[in-house]
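Quick notes on the structure that follows.
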């Protein structure tokens, strides 16, 4: 179970992480159960404002250099990643 | 396919992604443009940098609603955006901002006209607004294919470009016309978004992308068979071929007692067949949840009616009307539609040309030059007003047909409007008798044998004198007047 | 008296009176900077101070130094948000609150230590303010942590109404609860900082467009306050005594009190952990080793392996656990059993507060609750975080008020802090 969730979350676990999580994970989920009135709406945001829309005007673009400034690996103005094997 | 249809009923379904042609992206203020330097049309948010927040493009919402209205949908009184989560490097945030339930528009329909004029109604389940992903380029392997590449490069310029995804309900009853329906449905969607002006609608550029779902069930059955989803079929021709190929493939599998695997498939143009992709289950868990950063979109009648008032005529109805008004034959009209110059012809007629003349130019010389230069006719730079002006110059006998065709080429070269070009290049037809007489006399002196034959009664030989005269006047002579002068001289 | 012993307001007065300079103020604080700082911004802070001394700024607080919690992105300093994943990263863009501080001419002394992604009580900002290494600080408050830490360290934290201060450039933990929060040694200083930061921002879609008026100072006479009369299980005797002390001060100042209990708050802890973990997991998905941060590339790795390894190496245990819990909360089955019910509990909590505010102007509870294991504990202020309310933690009292009533929270806070006047050292 913990391994499945770690895989979905894309998180590598150490042996120690795995041990701790195996003991903690399910009890935490269980302890967090709530009971709620089904008639109540689901709050997404405490102070929602309707129709917060902006004008269709270009602003705040980064230069290519700024965009790549934090890239672990880049080539030809693009972000570089290892091969994708499970791609479409 | 015929054989397959004796045993099976075809069920189709389409998911069509339409890229909107807003100035900026759906949730960021970066430029929405094609073909620029990689990673230059991006904000920090498009790269998913920590601390960034999305903002909703008002025009994107208007376009989504317009498209929903054109598809006869109900517009959601309240809808919102949701995060569709999966890890893939072309998504800057590793979730796609999309819509779950309800979509901005749902429960609609669109009438699709088949080749023989029959109308087939396709029910629309929903049209929702979402964002496009970035672009991956696979390098290091042979031929840039994903399977043998060692690395990929990621460009986020397209990440965040507004999309509307139009999802049809299952379509039953198309039978042997399923491929034709697929093609007609996709053309109809393209025509609608183009007429609305919400997308550039260039399929070859991926502005419109279609996923085609196909399943078969034994005739008389009520439960749908297992479906496959053929991804990113990006031309009206390909979607018809992909549907046909998938019907045949599935029928073969079922006939031999096999089962269809629920999966995504890919259309391969070279082999004209679909290839297996990844297995896909209905249980794929994208962990959708409402985006807490983005508030609800709440529509009211005033907003919707303002957009509805802006809607163009439905393309199917419009085509029927225009065909009657213009009196084109079915073939002529179909060719015009296929050439994509319906709008241009309509504007040209509105500007004062006859339907026949408008058709002649847009399907003739303009189409020819456009084809030669690899652009679409409307992008050549010749306007409906130019066509009207050229027609007028011909009617005035200022130019002849041949010169007129040259003028079209000059307009396409950006030399200006027709009358300016005729003046600047001195293209006006020479009808000054003095100049023509001199040219005729010269031609007669140079071709005494021809003169002799004409005098001998061989009237067709006149042409052999007109040629040199036209040449001498650089094609600007009024050929009728030249013939008259020759006959006067010899006569 | 050392310059660092002054309040921010006093520093501003001395600057205007010509009795000190901004360079002196900045230098005095930098001289005592401790391990509360993860980055000291010496040169830039001194340069801004020199510009202030040269008369280039006219904001009343120009020249008064400030520190930033390291969850707020800056272009001239790195931002790590307490995470090894981000260590060394410098943002190409700047948070709106940083822009506002710069425009007002407040020298930024540096960035302060923070629990990973701000999810925890450890806060270098509180420490720096309490130890007079800065007069005030800009931090984030997600589920009451900044207010809890304020109670622990004897400083004041005032969380504004959700959306009052732009979140643009705050490394997101829980989008629907994160709030930029001023921390100071006095209510007046927190308010002065709040006034610089507050206001609509088109870069933050949850930003409120509201005419904020924090200037009135009419006292609390006639205000009705909902209070707790029975010592809760998770409140120590000392904490209870400090609370009662504060309530008495409010009585003395003319406040009317009545007992108010909100039943829905019994599930606030669970709702906040469920919603918090869920949003956290999605907000952290972008930390994938591709566009920013530290990548780990195992041998023969595919891109998916790189993502998994980078997150595994970059995140601490508590972050991994929270991301995985959040991933579970949004998965088929659990989204129905936990997440959606938690969103409904949140609605009940909001509704309960609204009902209470029909009778009382504000609510006060003990600010310090006993913190046990993380998922078994909650801060006193978690309800205000879930409901988006303005709230203060001051001298052992947690105060919250209806949305937009930030000014009332400051007024009440100012009265409570008189009980401990001069106590913070």
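Here, each number is a calculation from the coordinates, and none is a lab measurement. These numbers come from a predicted model, not from an experiment. Cβ atoms come from the backbone with ideal geometry, glycine included; neighbour counts cover every protein chain shown.
Each DSSP beta bridge with both residues in chain B is either parallel or antiparallel, and the antiparallel ones are about 90%.
The alpha carbon radius of gyration of the stretch C:68-181, expressed as a multiple of 2.2 N^0.38 Å, is 0.96. The convex hull around the C-alpha trace of the stretch B:313-424, projected and averaged over every direction, spans 6.9 square nanometres.
For the stretch C:214-286 versus the stretch B:284-317, the inter-centroid distance based on Cα atoms is 41 Å. For chain B, the longest principal axis of the Cα atoms and the long axis of helix B:384-395 meet at an angle of about 20 degrees. Highest mobility in the GNM of chain C, judged by mean-square fluctuation with C-alpha springs under 10 Å and restricted to C:289, C:388, C:118, is found for C:289.
When Rg and the Kirkwood Rh are both derived from Cα coordinates, the Rg/Rh ratio for the stretch C:3-197 amounts to 0.93. Here the Gaussian network model covers chain C, with springs between Cα atoms less than 10 Å apart; of C:373, C:286, C:191, C:373 fluctuates the most. In plain terms, the chain from residue B:115 to residue B:286 could stretch by 57.6 nm, reckoned as 0.36 nm per residue minus the Cα-Cα distance.
Take every residue in peptide C:372-385, count the Cβ atoms of other chains within 10 Å of its Cβ, and give the average of those counts. The per-residue average across the peptide is 1.
Panel note: the C-alpha atoms of the stretch B:245-391, placed on their principal axes, show extents of 63, 49, 31 Å (largest first).
Cα extents for the stretch B:433-490 along the principal axes, largest to smallest and rounded to whole angstrom: 29, 19, 16.
Once the Kirkwood radius over Cα pairs is known for the stretch C:1-51, the Stokes-Einstein relation at 10 °C and 1.306 mPa s delivers a diffusion coefficient of 138 µm²/s. Compared with the dominant Cα axis of chain B, that is its longest principal axis, helix B:462-472 is turned about 70°.
Relative contact order, whole percent, for chain B stands at 14, derived from Cα pairs under 8 Å and 6 or more residues apart. Take every Cα-Cα pair in the stretch A:1-74 and report what % of them are more than 16 Å apart. So the portion of pairs separated by more than 16 Å is 76 percent. Computed from label points 7 Å out along Cα-Cβ, the spacing between residue B:459 and residue C:90 is 9.1 nm.
Ranking of B:107, C:53, C:70 by neighbouring Cβ atoms within 10 Å, starting from the fewest: B:107, C:53, C:70. Separation of the stretch B:388-447 and the stretch C:160-200, taken as the distance between their Cα centroids, equals 75 angstrom. Here the contact order of the stretch C:317-425, divided by its residue count and restricted to Cα pairs under 8 Å and six or more residues apart, works out to 19 percent. For the stretch B:69-109, what log10 I(q)/I(0) values come out of the Debye formula at q = 0.19, 0.32 1/Å, with one point per alpha carbon and no solvent? With one equal scatterer per Cα and no solvent, log10 I(q)/I(0) is -0.62, -0.99.
Quick check: convex hull of the Cα atoms in the stretch C:137-245, volume per residue, rounded to a whole Å³? Show your work: numbers first, answer last.
On the way: hull volume 15.3 nm³, N = 109.
Per-residue hull volume (Cα only) is 141 Å³.
Relative contact order for the stretch B:358-491: 20 percent, from Cα pairs under 8 Å spaced at least 6 residues apart, divided by residue count. Taking the alpha carbon gyration tensor of chain B, multiplying each eigenvalue by 5 and rooting it gives semi-axes of 55, 28, 23 Å, largest first.
Using the Kirkwood formula on the Cα atoms of chain C, what hydrodynamic radius do you get, in angstrom to one decimal?
21.8 Å
Can you pull the percent of Cα pairs in the protein assembly as shown with separation above 57 Å? When all Cα pairs of the protein assembly as shown are counted, 29 percent exceed 57 Å.
Take each residue of peptide A:17-30, count the partner chain Cβ atoms within 10 Å of its Cβ, and average: the result is 3. The mean number of partner chain beta-carbon atoms within 10 angstrom of a residue's beta-carbon across peptide B:293-303 is 4.
Once Rh for the stretch B:238-283 is found with the Kirkwood sum over Cα pairs, what is the Stokes-Einstein diffusion coefficient at 20 °C and 1.002 mPa s, in µm²/s? The estimated diffusion coefficient comes to 190 µm²/s. The protection proxy used here, the mean number of other Cβ atoms lying within 10 Å of each residue, ranks peptides B:109-120, B:243-254, C:390-401 as follows, highest first: C:390-401, B:243-254, B:109-120. Rounded to the nearest 5, the antiparallel percentage of DSSP beta bridges internal to the stretch B:214-299 is 60%. Give the distance, in whole Å, between the Cα centre of the stretch C:1-58 and the Cα centre of the stretch B:179-230. Centre-to-centre (Cα) distance: 66 Å.
Legend: ranking of residues C:237, A:56, B:36 from fewest to most surrounding C-beta atoms inside 10 Å; resulting order C:237, B:36, A:56. The C-alpha atoms of chain B define a longest principal axis, and helix B:58-70 lies at about 80 degrees to it. Gyration tensor analysis over the Cα atoms of the stretch C:303-371 returns equivalent ellipsoid semi-axes of 37, 19, 9 Å (largest first, whole Å). Dividing the alpha-carbon radius of gyration of the stretch B:332-491 by the rule-of-thumb value 2.2 N^0.38 Å gives 1.25. Over the stretch B:1-74, the reciprocal of the mean inverse Cα-Cα separation, the Kirkwood hydrodynamic radius, stands at 15.8 Å.
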